[in-house]
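The values are calculated or read from the model by the stated rules, or taken from the named source; none is laboratory data. All values reported here derive from a predicted model rather than from experimental measurement. Cβ placement follows ideal geometry from the backbone for every residue including glycine, while neighbour counts extend to all protein chains displayed. The accessibility values were calculated without ligands, DNA or RNA, using every heavy atom of the protein model including side chains. Shrake-Rupley method; radii C 1.70, N 1.55, O 1.52, S 1.80 Å.
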Amino acid sequence: MGNLSGKIAIVTGGASGIGYAIVQRLLNANVKVAVADLNREKLKEMEAAHKGKVIGCVTNVTKEEDIETLVQKTVDAFGGLDYAFNVAGASKAGAIVDQSEEDWDFTVDLCLKGVFLSLKHEAKYMKEHGGGAIVNVASLNAHVPMFYGAAYSSAKAGVEMLTKNAALELAQHNIRVNTILPGLVATPLTSGLTNVEAINDAYMERIPMRRAGNPDEMAGPALFLVSEDASYVNGASLIVDGAWAVSGYPDLSKFM
Ligand SMILES: NC(=O)c1ccc[n+]([C@@H]2O[C@H](COP(=O)([O-])OP(=O)(O)OC[C@H]3O[C@@H](n4cnc5c(N)ncnc54)[C@H](O)[C@@H]3O)[C@@H](O)[C@H]2O)c1
């Protein structure tokens with residue numbers, strides 16, 4: 001992978017799971033990182049553990065003023081912004097006929113608007129300062145629906161299309177924007193499902209590699225996409241799923 005050393009990155013949702021693994025890989029590559037998350041305690045801990053290399057920014061990605069502050073703090077602390085990883089996400093599940101407007105808004109605001117706002121302000125800075133590279137985290141659910149995940153799947157499909165629009169608009173400013181579509185990854189987000197043996201078995205039936213990915217297996221592809229090795233990769237969707245996409249989503253309806 002091309003040399004990332006000396007660069008500066010933002011990672012939203014960087015206090016847990018996939019975002020946290022991306023932060024660790026960036027630090028190993030000698031990249032300075034602004035970690036944006038709601039988890040104040042974890043941010044403090046990360047900042048203390050990596051003094052001068054990490055700043056923790058308490059950020060709600062659904063609030064535009066928080067994102068503007070995040071970009072400003074990153075530039076003030078480290079002197080620029082080269083890469084951004086828009087990872088923060090979560091969902092409230094529900095059958096379409098029962099899902100409340102509030103739960104729909106929570107999911108779509110966080111997973112889609114949160115990426116839009118992050119992308120907007122990261123790209124605005126990069127456009128004025130010579131360019132950069134951005135990775136948005138969508139999901140295999142951008143392509144494959146799941147029972148009771150209409151809001152999440154719709155938002156993630158939106159992230160994929162938003163990424164393509166961004167690549168189209170921003171290529172002229174030397175900014176590349178790509179997305180990764182993780183399959184099942186072992187993180188706090190999915191442990192509630194995978195800790196139930198029958199549900200986990202249903203997933204494993206469909207995943208040809210017969211295991212969930214680990215967060216670091218998402219971080220590698222994410223770093224590749226910002227690196228010079230991916231200098232002609234733009235507007236792309238990289239599925240990272242142990243071949244799940246080729247076998248279809250499990251029927252989870254019997255567990256609800
Ligand atoms: N784990 C999987 O199987 C999987 C699969 C496909 C896609 N994804 C996507 O990957 C991303 C990361 O998921 P994960 O599994 O690492 O989850 P996670 O729960 O481990 O981490 C998500 C992080 O986002 C933060 N966050 C939540 N709401 C926020 C907000 N409003 N503003 C800022 N930060 C916020 C949380 O505090 C947490 O630190 C999400 O977008 C998720 O949809 C995960």
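What the table shows:
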item	result
Mean Cβ neighbour count within 10 Å, used as a protection proxy, ranking 29-36, 205-212, 129-136 highest first	29-36, 129-136, 205-212
Accessible area, probe 1.4 Å, largest first, for residues Asp241, Asp76, Asp105	Asp76, Asp105, Asp241
Charge dipole of the chain about the Cα centre (unit charges at C-beta), most positive-ward option of Ile67, Met218, Gln24	Gln24
Residue-averaged [θ]222 nm for the chain, counting only DSSP H segments that reach four residues, each worth -39500 (n - 2.57)	-13500 deg cm²/dmol
Region 8-240 - convex hull of the alpha-carbon atoms, volume per residue in Å³	122 Å³
Spacing of the two label points (7 Å from each Cα toward its C-beta) at Lys127 and Asn214, in nm	4.1 nm
Inter-site label distance for Glu102 and Glu65 at 7 Å from Cα along Cβ, in nm	2.4 nm
Size of electric dipole in region 8-240: Cβ of Lys, Arg +1 and of Asp, Glu -1, about Cα centre, debye, nearest 20	520 debye
Per residue value of the accessible surface for the chain (all protein chains in place, 1.4 Å probe), Å²	46 Å²
Accessible-area composition of region 5-124, carbon plus sulfur, in percent [1.4 Å probe]	48 percent
